[in-house]
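Structure record follows, encoded as structure tokens.
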Amino acid sequence: MGVVANIEAIKKQLPGHVTLVAVTKTKPEEMILEAYHSGHRDFGENKVQDLVSKQENLPDDIRWHMIGHLQSNKVKYLASFVHLIHGVDSLKLLNVINKEAQKHDRIIDCLLQVHIALEETKFGLSGEELLALIGSESFGQMENVRIRGVMGMATYTENIEQIRGEFRLLKRIFEELKTSAISGGEYFDQLSFGMSGDYQLAVEEGSTMVRIGSLIFGSRNY
Ligand SMILES: *Cc1c(COP(=O)(O)O)cnc(C)c1O
């Protein structure tokens, strides 16, 4: 199947409130345009350099999602246009995003990345780090970032129940933050989890944003 048919097949299974972020990393701009011309607007990249060069070459009304690990010193390259930063995992990074957003006189939407997987290598805040970040003095004073929710990546495993448990943990953390720590909770409404292999499960468990690459664009050759 082609890109457009793949997107349509996936969208047909998603409830209306779930956003499909088409993950285009390593894929050529022609493929992105194919999806764009069918009406799709939300695209995700995990490397700043690729995100920036694709944004420069492609239509302005694409909503670009930064889904990968983001280093503080690279925020300046995407601050003028990024739609949502999924992987905020430190107060330092959030401070830099706030400062760069201010320079462009805009508010940047962010998700806090929570570590839910068994692997040590996946990025994200631990529960303790999350509370420390939210409880910190500067967190409440940032006027150019808006925390829209949480993001997580499950363990790479065939074990569905393991993945389900991790998704549930993330959902529970989201609910706890929403009712307690995060003020201005009307904007705190996004849960970014689920990829090609587990997006249906993710939707069952409350995801509002699935990030899907290979199922749309084919497998990647790095
Ligand atoms: C690559 C990537 C995805 C998409 O992965 P697929 O398995 O190809 O759907 C989702 N989220 C992040 C953070 C990624 O880096």
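Relative contact order, whole percent, for the range 1-86 stands at 25, derived from Cα pairs under 8 Å and 6 or more residues apart.
Estimated at the nearest 10 Å², the accessible area of residue 94 is 0 Å² with a 1.4 Å probe. If you sort 77, 187, 156 by accessible surface, 1.4 Å probe, largest first, the order is 156, 77, 187. Relative contact order of the range 3-217, please, whole-number percent, based on alpha carbon pairs below 8 angstrom and at least 6 residues apart. For the range 3-217, the relative contact order is 20 percent.
The distance separating the Cα centre of the range 1-72 from that of the range 110-153 comes to 24 Å. Each Lys and Arg adds +1 at its Cβ and each Asp and Glu adds -1 at its Cβ; summed about the Cα centre, the chain shows a dipole of about 260 debye.
Ligands, DNA and RNA aside, residue 26 has an accessible area near 70 Å² when probed at 1.4 Å. Here residue 74 is the anchor, and the lysines within straight C-alpha reach of less than 30 Å, apart from those fewer than 8 places off in the same chain, are 25, 27, 47, 54, 92, 99, 103, 122, 171, 178.
Note on residue 103: accessible area is roughly 140 Å² with a 1.4 Å probe, heavy atoms of protein only.
When the solvent-accessible area of the range 105-186 is split by element, carbon and sulfur atoms take up 49 percent of it, the probe being 1.4 Å. Using Cβ point charges alone (K and R +1, D and E -1), the dipole size of the range 64-153 about the Cα centre works out to roughly 380 debye.
The values are calculated or read from the model by the stated rules, or taken from the named source; none is laboratory data. Because the structure is a prediction, the values reported are computed rather than measured. We place every Cβ from the backbone using ideal geometry, glycine too, and count neighbours over all the protein chains shown. When the accessible area is computed, the model is the full protein with side chains, heavy atoms only, and any ligands, DNA or RNA have been set aside. Shrake-Rupley method; radii C 1.70, N 1.55, O 1.52, S 1.80 Å.
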